[in-house]
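K.L.:
Before I ask anything, let me first share the structure, which is written out below as C-alpha cells.
The values are calculated or read from the model by the stated rules, or taken from the named source; none is laboratory data. For clarity, every value in this text was computed on a predicted model and none was experimentally measured. Cβ atoms come from the backbone with ideal geometry, glycine included; neighbour counts cover every protein chain shown. The area values use the complete protein model at the heavy-atom level, side chains included, leaving out ligands, DNA and RNA. Shrake-Rupley method; radii C 1.70, N 1.55, O 1.52, S 1.80 Å.
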Amino acid sequence: SRAKDGQKTPVMVAANPGRPGFYIMIDGHYRKRGAQALGWHELECMVEEVENELDFYRLSFLMNEERESQTALDNALAWSELLASKKIRTNNEIVALLGISEGQVSKTMALLNLPPAVLDLMREHPQSIGLHAGYELVLYAKVVGPEDALVLASRVISEKLSSRDIEELRKQQAGKKPRKAKDLSRQYKIK
C-alpha cells in the first residue's frame, strides 16, 4: 500500500538530546521498515518537543496504548525498569506521568509477583491474559501455589476464562462461598 498510495501518516520523532542533528523515532517503526523495503531514503516526520527521557517513554506509552499493542505485562516490565533505574521513584509518579489510576498501576505492578512459569506463558500468549485476569491469577497463586496457578493460566488461555471465572475458582480454593448469582427482577401483582 505504501508503494501504491505513498506515506499517509507521518513518523513521530524527537530530537536526540545526546546527538545534535539526530532524531529518535517514537512511533512509526513499521512505516520505516516499509520505506526501507521500497528503497525510500526519506520519510515525512512530525517532530515532538521532548524535554527529558521520561517524556520519550510517556509519548511511546500513549502511542502504544492507543493501538492496544502494549500488554499489561509489557507495562509492568517497563515500569519496573523505570523504578529500578531511579528515573521514577514511586508508583504515584507513574500515575502522574501517564494519567492513569493508582489502582491500575498497583494491579499492573502486581503481575510481576506471578510465578515465573506463568509470566512465561503470558509472554507466549500476550493478548490472552489481560490486566484483570492477570491480577486475579496473582491472587489465585497466593492461595494455591505456583503449580496450580500455571494450570489455571493455561486454562484461561485455552478456555478463555474471564477474571470473574478466576475469582470464583480462587474463592472456592480459599474455602469461601462463590459469588451469589444475581437475582433477576420479577414482576409481582399487587392487590
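K.L.:
Please specify each residue of the stretch 95-115 satisfying the condition of being free of Cβ contacts under 8 Å to residues at least 24 places away in the same chain and either in a helix (DSSP H, G or I) or open to solvent by 60 Å² or more (accessible area, probe 1.4 Å) (or both). Lay out the reasoning, then the answer.
P.N.:
Step one: filter the stretch 95-115 for residues free of Cβ contacts under 8 Å to residues at least 24 places away in the same chain, giving 95-96, 99-103, 106.
If the condition is that a residue be free of Cβ contacts under 8 Å to residues at least 24 places away in the same chain and either in a helix (DSSP H, G or I) or open to solvent by 60 Å² or more (accessible area, probe 1.4 Å) (or both), then V95, A96, G99, S101, E102, G103, S106 are the ones that fit.
K.L.:
While we're looking at this one, here's another question. Identify all residues within the stretch 36-68 that are open to solvent by less than 100 Å² (accessible area, probe 1.4 Å), at pLDDT 85 or above and touching a strand residue (DSSP E or B) at 6+ places or on another chain (Cβ under 9 Å); write none if there are none.
P.N.:
Filtering the stretch 36-68 for residues open to solvent by less than 100 Å² (accessible area, probe 1.4 Å) gives 37-40, 43, 45-48, 50, 52, 54-65.
Restricting the remaining residues to those that are at pLDDT 85 or above gives 37-40, 43, 45-48.
Selection gives L43, C45, M46, V47, E48.
K.L.:
So, of the residues in the stretch 116-154 that are within 18 Å of the chain's Cα centre (by Cα) and not in a helix (DSSP H, G or I), which turns out to be nearest to N92 (Cα to Cα)?
P.N.:
The selected residue is G130.
K.L.:
Of the residues A110, A141, which single one is closer than 15 Å to A72 by Cβ, in contact with a helix residue (DSSP H, G or I) (Cβ under 6 Å, 6 or more places away or on another chain) and small (G, A, S)? Break it down into steps so the answer makes sense when it comes.
P.N.:
Values: A141 fails: closer than 15 Å to A72 by Cβ.
Within the list A110, A141, the selection yields A110.
K.L.:
R58: more than 22 Å from the chain's Cα centre (by Cα) and not acidic (D, E), yes or no? Don't jump to the end; show me each part of the working.
P.N.:
Details: more than 22 Å from the chain's Cα centre (by Cα): no; not acidic (D, E): yes.
Judged against the criteria, R58 is not a match.
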